[in-house]
Amino acid sequence: MRRYAPWLLVALCAAGALVASSAASGWWWCAAVPLLALTALGGWDVVQRRRAPLRIHPLVGRLRYRVREPADPLGGGRDADEFLVPSMCPLPPPEEEPRVRVGGPECRLPYDMALMNVSAMSFGALSAQAVLALGRGAALGRFAQDTGEGGLSDHHLRGGGDLIWEIGSGYFGCRTSDGGFEAREFADKAALPEVKCVSLKISQGAGPGGGVLPGAKVSAEIARARGVTEGETVVSPPRHRVFSTPRELVLFLARMRELAGGKPTGLKLCVGSRRQFLAVCKAMLAEGVTPDFVVVDGSEGGTGAGPPGFADRLGMPLTEGLITVHNALVGSGLRDRVRIGASGGIATGSDIVRRLAQGADYTNAARAMMSALGCVRAGRCHTNTCPAGVATQDPWRARALDVGDKARRIHRYQRETVRSAVRIMAAMGVPGPGGLGPGHLLRRTDARTVRSYAELYEWLEPGALTAGPPVSWAADWAAADPDGFG
């Protein structure tokens, strides 16, 4: 009731002013009328469904919309030193949204991925209503929703969207009693028709290693979904049990794909050491096994599940990580077998196009999707007191998030953002994602110099590493060991 206290106080004052106006002086009407109007406004806040903060904090929640910095109608505030190259002969945008076929030679059930999808967000970190709204939005727009490492919950399945089931070092949802990987449970869940791909999380941008779910958010339902103890803080182990070398990692990915019935199988990581990823590429070559996709998460990615000191400082930013992975796969002669997803700060159509030009095939977004859900960035993700009902397990707060309304918003946001990306590519004279390259993206390096990404970075030719690596890659390629991360 503390959340409603200001509204109830206003209502009490309105009632007092009415009594005083009838018993004492008519001048009390001057106070009663505005107080009654505020009382009615607070009542509307409680029953409306578009803005969750107002349902949780009637009247007071309106201050958030009044004091926030207004948008600049004359400019977007984006980085003016980096820009895309328009064409003097643009093309008409295609009528159908481009899709990316994910599935290498070992994949029996390839999946056509949208250019923008819902990035990894777990049930537990998000409320049931938020997870359900994301899934229903994904179903409306025919794009994918990554479950996050918190397990495959009923709310993900009820959403009806295409799911990428992410498995972290805690193996939630396919976990033995001692915290190991349970193959039979994994196979049973991966066989569900809603699951289109499976992904092994190595690390993420803002939280390399294992995530943290505070005990206050571990409800009985979450405990059952994850196979953990209710009310106790859940800390994912910093490393996986199922592999300790690049070769073991590659072989486990092959095992996951077989257990999943041949569905696309990949891994997600925030790149740290180029040498370590090259070791994984060497293991792929040695075993003749490749993942169907690699999701590169940049260090600028956000999370409420990682230690504060990790964010923005541990791991490569998305640009460097993405170019590293793309070059490593190209130089190993494996790029045509593996699709690359980019995650970390993706929000606009131009963000999508920039990442495609840097080597990605598709993108994932989390923070922007949460904004579409109604996230107000209150910074309370870990406290269970989210004022928007997004990152909480408090049923009273979560009920404020209207699933139907937010699902439509998620759908519209993704649709318009992808349409924007397609229009930008057409304005650049590019018929689709396959026509983009590093030469389409320019950056100002000083007051007098503008250079393309084709000039700023080294781009390897197919098979260059196996044929005899260039000097700049030779030391890392020689030291990369498929039987040890070093």
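In the stretch 125-276, carbon and sulfur make up what percent of the accessible area (probe 1.4 Å)? Reported share for carbon and sulfur atoms: 49 percent. Using the Cβ-Cβ distance between Asp154 and Arg419 with R0 = 51 Å, the FRET efficiency computed as 1/(1 + (r/R0)^6) comes to roughly 0.95. Available extension along the chain between Ala347 and Ala40 is 106.8 nm, counting 0.36 nm per residue and deducting the alpha carbon span. Projecting the Cα atoms of Ala183, Ser236, Phe252 onto the charge dipole of the stretch 170-265 (Cβ charges, centred on the Cα centre) puts Phe252 farthest toward the positive pole. Under 5 Å from the amide H of Met113 lie the amide H atoms of Val100, Arg101, Val102, each residue being 5 or more positions distant or on a separate chain, with H modelled from the backbone and absent for Pro and chain starts. Rounded, prolate or oblate for the stretch 166-257? Axes are the square roots of the Cα gyration tensor eigenvalues, ordered a ≥ b ≥ c, and the cut-off for rounded is a/c under 1.5. Oblate is the answer for the stretch 166-257, as a/c is 1.5 or above yet b/c matches or exceeds a/b.
Inter-label distance, Arg412 to Arg451: 4.4 nm, where each label sits 7 Å from its Cα along the C-beta direction. Approximating the spin labels as points 7 Å out from Cα along Cα→Cβ, the Arg241-to-Arg255 distance works out to 1.2 nm.
Candidates Ala426, Tyr453, Gly439 compared by Cα position along the dipole of the stretch 408-466: farthest toward the positive end lies Ala426, with charges placed on Cβ. Note that the stretch 329-486 presents 41 Å² accessible area per residue, ligands and nucleic acids not counted, probe 1.4 Å. Considering all C-alpha pairs of the stretch 315-438, those separated by over 20 Å amount to 54%. Does the stretch 390-486 come out rounded, prolate or oblate by the C-alpha gyration tensor, with a ≥ b ≥ c the root eigenvalues, rounded set by a/c under 1.5 and, if not, prolate when a/b is larger than b/c and oblate if not? The shape class here is oblate. Above 19 Å, the calculated P(r) of the stretch 228-376 contains 58 percent of its Cα-Cα pairs. Local charge for Arg247 was computed over the other residues whose Cβ lies under 15 Å away, with Lys and Arg +1 and Asp and Glu -1, and equals -2. Once backbone amide H atoms are built at 1.01 Å from N, Thr363 has Met116, Asn117, Ala342 as its partners under 5 Å, excluding neighbours fewer than 5 places away on the same chain.
Other residues lying with their Cβ under 13 Å from the Cβ of Ser236 contribute a combined charge of +3, Lys and Arg counting +1, Asp and Glu -1. In straight-distance terms, cross-link reach from Lys406 covers every one of the lysines whose alpha-carbon lies under 29 Å from its own, apart from those fewer than eight places away in the same chain; here that gives Lys189, Lys196, Lys201, Lys217, Lys268. Below 8 Å between Cα atoms, with a sequence gap of 6+, how large is the relative contact order for the stretch 217-296 in percent? Across the stretch 217-296, relative contact order equals 28 percent. The phi-based Karplus calculation (6.51 cos²θ - 1.76 cosθ + 1.60; θ = phi - 60°) puts the 3J(HN,Hα) values of the stretch 338-346 at 10, 8, 10, x, 10, 9, x, x, 6 Hz, whole numbers, x for Gly and Pro. Measuring nothing but protein heavy atoms, the accessible surface of the stretch 312-405 at 1.4 Å probe radius is 52 percent carbon and sulfur.
Multiply the residue gap between Ala378 and Met88 by 0.36 nm, knock off their C-alpha separation, and tell me the result in nm, one decimal place. My answer for the length gained is 100.0 nm.
For the stretch 79-204, the antiparallel share of DSSP beta bridges with both residues in that region comes to about 30%.
Note on Asp483 and Asp188: the model spin-label points, each 7 Å out from Cα along the C-beta direction, lie 3.8 nm apart. Charges were assigned to the Cβ only: +1 to each Lys and Arg, -1 to each Asp and Glu. The resulting dipole of the stretch 207-262 about its Cα centre is roughly 200 debye.
Put simply, the amide H of Ser244, placed in the peptide plane, has neighbours under 5 Å in Leu249, leaving out anything fewer than 5 places away on its chain.
The values are calculated or read from the model by the stated rules, or taken from the named source; none is laboratory data. Just so you know, these numbers come straight off a predicted model, no measurement behind them. Using ideal geometry, Cβ is built from the backbone for each residue, glycine included, and neighbour counts are taken over all protein chains shown. These area figures cover heavy atoms from the full protein model, side chains too; ligands, DNA and RNA do not enter into them. Shrake-Rupley method; radii C 1.70, N 1.55, O 1.52, S 1.80 Å.
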